[in-house]
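We did not get these values from a lab; they are worked out from the coordinates using the rules stated. These numbers come from a predicted model, not from an experiment. Note that each Cβ is placed from the backbone with ideal geometry, even for glycine, and that neighbours are counted across all protein chains shown.
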Amino acid sequence: MAILTGKIIDAETKAPLAFINVAVDGKIDITDKNGVYVIEDLPEGEYFLRIRAPFYEPYTDLVYVREPKTVKNISLRTTHL
């Protein structure tokens, strides 16, 4: 089984984003105060990584997860109303 982990930051300020929902194949994690997420126990393969956060554009990407660990860092852009 593999782990998908990474850090989510604000694209403009480069500040880490805490308490952001990260979903992969029905598994959900919430970033910690440093913007880090960890999703464990994924079989090796392709997955859609989805992130939704207030005031930020939705993010979806196809990620290939390899054992033992895959790192995917993400920059989110703010929504312009």
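In the list Lys14, Lys7, which residue meets the criterion of being part of a loop (DSSP other than H, G, I, E, B) and among the charged types (D, E, K, R)?
Matching residue, one of Lys14, Lys7: Lys14.
Please go through segment 49-78 and pick out each residue that is among the basic types (Lys, Arg), in contact with an Asp or Glu (Cβ under 9 Å, 6 or more places away or on another chain) and more than 23 Å from Thr13 (Cβ to Cβ).
Arg66
Name the residue that is farthest from Thr78 (Cα to Cα), counting only residues in segment 1-19 that are in contact with a Gly (Cβ under 7 Å, 6 or more places away or on another chain) and in contact (Cβ under 8 Å) with a residue 40 or more places away in the chain.
Result: Lys7.
Return the pairs, sorted by first residue and then second, in which the second residue is of a type in the set (Asp, Glu) and surrounded by fewer than 16 Cβ atoms within 10 Å (Cβ to Cβ), the first residue lies in segment 45-64 and is closer than 18 Å to Ala18 by Cα, the beta carbons are less than 6 Å apart, and the residues are 6+ apart or on different chains.
Leu49/Asp61
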